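Take a look at the structure set out below.
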Amino acid sequence: MTRLWTGVSAAVLSAALLWSTSGQAQPAPASQGQDAAGQQAPLAWPRDFPLPGDQLLQLYQPQIDSWTGDVMSGRAAVAIGPKSGTPTYGMVRFSARVAVDKPAGLVHLATISIEGVEVPTEPAKASLIRSTLQSRLPANGMTVPLDQLQASYAVNQELAKLKSQPVDNTPPQILFATTTTVLVPVAGTPVLRPISGAPTFQRVANTRPLLLLDEAGTYHLEAGGHWYESPSLTGTWILTPQISDALSAAAKAATQEQAADPLLDAKGKPINPAPAILVATQPAELIQSNGPPQMLPVAGTNLLSMNNADHAVFMETTSNTYYILLSGRWFRAPDLKGPWAFVASDALPKDFAKISPNDPKANVLVSVAGTPQAKEAVIAATIPQTATVKRDVPLKVAFDGAPRFEPIPGTGLHYAINTPTPVIQLDTERYYAVNNGIWFVAETATGPWRVADVVPDVIYTIPVSSPLHYVTYVRIYASTPEAVVVGYTPGYMGVVVAPGGTVVYGTGYTCPGYVGTYWFSCPVTYGVGAGFALGVADGFAFGFAAGWPWGAAVTPYWGPYWHPYGPYPYGPYGPWGGHWGYTNINQTNLYGRWGGAATVNHAWGTTWNGTEWSGRDWHGTTAGGTGFTGRSAAAFNPYTGNYAAGAENARYNPTTGARGESRAGVEGNAYTGNAAAGRESAGFNPTTGTGHASQTAVTDHDGKVSVDSRGVAGNVKTGNAVAWNNGHVAVDHDGNVYQHSDTGWAKNTGSGWQNVDRTADTSRLDAEEHARSVSQQRVSSYGGDHYGGEGYGGGERFGGGFEGGERYGSGGFDRGFGGFGGGDRFGGGGFRGGFGGGFRR
């Protein structure tokens, strides 16, 4: 199969970045030009276009829909909104005339034009998007390799087949509760496993919470910080009046073998008062209301809404029919007791489309076919999270015993059932696996595994009924000898575009999964409180257990939610350190789990330890000819309260030679109030001879604020300079060096300092002292290699750091811009070493 050297249809709209508004070619950054072998390197997506008013337009990877004769057409998703806010999604359709030179292997794309722009929820922005993109297309077209377009076209034909899936819409068991209740799903008939060291108890293996059975036939459940017991799974559960030593010992032994989900509240604490318990052994969904149902009118419609429920529940008053929304699917019944039947999103009563976007239940518009919210959600579901991954990323697949394979119906493929990692057998010598959004390939099921740069088309024919269907949403977009560009759309996390034009969570198909030494769950559709939203705060979002704040619920336990990385067993929060029930999954980027092995460009996500983060890279050239680059990032862990943020930039003017760098960062804990922040910058202008380097740090600990500031500035042509260190200022002026302390100014005499009268300079020096601080070091050896020497610099371009590189720097400007505290406190190695080398490493 042809290897993709660039992204899908990158050639068609790569001009959107490579051409400015005037149509002049701009230098491409090294990462988007040619690799070391002189071959075209992969283009990064999305492409950013600044707009007036601090707005940003992003163009996502284009897709070729048709290629007939000399006419090619396609589409690309776009996002428009504030640079630091949530975007609105739309779709751009384009076409081009093509002329093919097969002997040369080239295609010329001429008269590229934007045919249409659709922004469902904000149609007024369509004209701005059209003009922005059209102005950047080259008037004379462009020439690209033929194999790129052929491969792109083939891939997108397969993607088109996956656009809408025939999901299973069989109604689940629908349960209602008016008091605080927790649903405990068991995947089919309970599978019992012995507990080492506790012979009088067995564990129900095929469920996430800790569920035990004693020799008398009584079930014991730990949930919400309490123990319950019942003579049968589906019977009445009561609080255990006294926990026996035997039960306590059995629970401890069972969790040591394999951790369980304790079903605590959103803050990881017990639920009080103790909730009621419902156990289901078939697909089920719990609808929780805060007391008896309260039905209120929905303005402008014939609908009533249950305003005190954690799910969308409506009554259509003209027919007295109830409608509920579960995992993006609608079901209706003549009574809340059922029987429930599926109703397609495009067959709902017309009043559902009339629900106001400002209504408390407006999120349901995402699931009403034909609404702007539904259209935008479908567009959002096509946008991939992408990353560039190194080819040497390792993978170890753990099997429960020897690998066991079963056929995938409708294909010639087989898959391994006794591992949480999806492993697919193509033939006796080729195996493919997916882990955290990356495809791997091996000659045997046990490896060694290597990053794949191509995946056979047959894998993308895995049917929606297969438990491995979700891997078909992971794609390889490009490759170079050193790296592979990969990506996944929300389908990898379970979001599917269903017939009727709306998104749903889960395929609806179910299976008990594999139970051996461990239980490996199949993808589930119900029981996790899956829901969608589209709003100003979140954009397109989906998540689980989105009901009441205490909202304890079992969350997904398959595929990407497993985080199959490392030895068994995993804890309840082991997959990534947090609880999936309190996360916007659409803004969770699994590539963060790979650390430095995967480079994520402009993405949101959740790291392996539950920390939510966002990042951004940018570059450009100012009107004055100064080139600049920059990036920023932020992180927050809602479970610990820890947060951190940082930004950096660099600039260089090739005409004047002036250059500089700056960076700033902050870290703290939202719950304790403790915080620390720092900023540093450096610059040098060879024309004027002036240069500077400075650092400032502020800490707030237990209400006590302290400031630490130091820096140096001077002119290499005149030799004049000033340095400061927290109230101590040293000045080199006209060949004389002076130091200021609490006792006044002192002049260096060669054998020490002596007090002198510098009345004329008092105001200037006091101003310097007030504005900055630091340096008890002499400045007689200014210069070196751009502020080198042993004093202020020590190395390349503000390198080495103040005081010889031992205290305040370590690394330097061109080598990563130092780092606060030489690597022990706020950095080490600089942002180029990986976000400041780590806050308080």
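Tell me which residues come under 5 Å, amide H to amide H, from V737 once H is placed; ignore anything under 5 positions away on its chain.
N748
Kindly identify segment 240-307 as rounded, prolate or oblate by the Cα gyration tensor criterion: order the square roots of the eigenvalues as a ≥ b ≥ c, call it rounded if a/c is under 1.5, otherwise compare a/b with b/c, prolate if a/b is larger, else oblate.
It comes out prolate by the Cα gyration axes.
Describe numerically, in nm with one decimal, the distance between label points set 7 Å from Cα along Cα→Cβ at T181 and at K396.
Between T181 and K396, the label points sit 4.5 nm apart.
To the nearest 0.05, how large is the calculated FRET efficiency for A99 and S66 if R₀ is 25 Å and r is the Cβ-Cβ distance?
Rounded to the nearest 0.05, the efficiency is 0.90.
Set the Förster radius R0 to 45 Å, insert the Cβ-Cβ distance between N715 and R450 as r into 1/(1 + (r/R0)^6), and round the FRET efficiency to 0.05.
0.20
Near the amide H of N589, under 5 Å away, which other amide H atoms are found, from residues 5 or more places off or on another chain, if H is placed in the peptide plane?
G605, T606
What residues qualify as long-range amide H neighbours of S327, i.e. H under 5 Å apart, gap of 5 or more or another chain, H built at 1.01 Å from N?
Those lying under 5 Å, H to H, from S327 are A530.
Name the shape class, rounded, prolate or oblate, that the alpha-carbon gyration tensor gives for segment 291-359, where a ≥ b ≥ c are the square roots of its eigenvalues, rounded holds for a/c under 1.5, and otherwise prolate holds if a/b is larger than b/c and oblate otherwise.
rounded
At a Förster radius of 41 Å, what calculated FRET efficiency corresponds to the Cβ-Cβ distance of A249 and C511, to the nearest 0.05?
The formula returns an efficiency of 0.75 here.
At 0.36 nm per residue, minus the direct Cα-Cα distance, what do N140 and T189 gain on full extension? Give it in nm, one decimal, please.
Extra length available between N140 and T189 comes to 11.0 nm.
Listing R136, R329 from the residue with the fewest other Cβ atoms within 10 Å to the one with the most, what is the order?
Exposure proxy ranking, most exposed first: R136, R329.
Tabulate in residue order the Karplus-calculated ³J(HN,Hα) for segment 710-719, using 6.51 cos²θ - 1.76 cosθ + 1.60 with θ = phi - 60°, rounded to whole Hz; enter x for Gly and Pro.
For segment 710-719, the Karplus curve yields 8, x, 8, 8, x, 9, 6, 7, 9, x Hz.
Can you list the HN-Hα couplings for segment 360-374, worked out from phi with the Karplus curve (6.51, -1.76, 1.60; θ = phi - 60°), rounded to whole Hz and with x for Gly and Pro?
x, 9, 5, 4, 5, 4, 4, 9, 10, 4, x, 6, x, 5, 5
Using a simple spin-label model with points 7 Å from Cα along the Cα→Cβ vector, what separation in nm is obtained for A341 and D702?
Simple spin-label model gives 6.9 nm for this pair.
What list of ³J(HN,Hα) couplings, whole Hz, do you get for segment 278-287 from phi and the Karplus terms 6.51, -1.76, 1.60, once you set θ to phi - 60° and write x for glycine and proline?
Coupling constants for segment 278-287: 10, 10, 10, 10, 9, x, 8, 9, 9, 9 Hz.
Taking other Cβ within 10 Å of each residue's Cβ, how do R332, R679 sort, fewest first?
R679, R332
Laboratory data are not the source of any read-out in this text; all were calculated from the coordinates shown. Because the structure is predicted, anything quoted here is derived from the model rather than measured. As a convention, Cβ positions derive from the backbone with ideal geometry for all residues, glycine included, and neighbour counts pool all protein chains shown.
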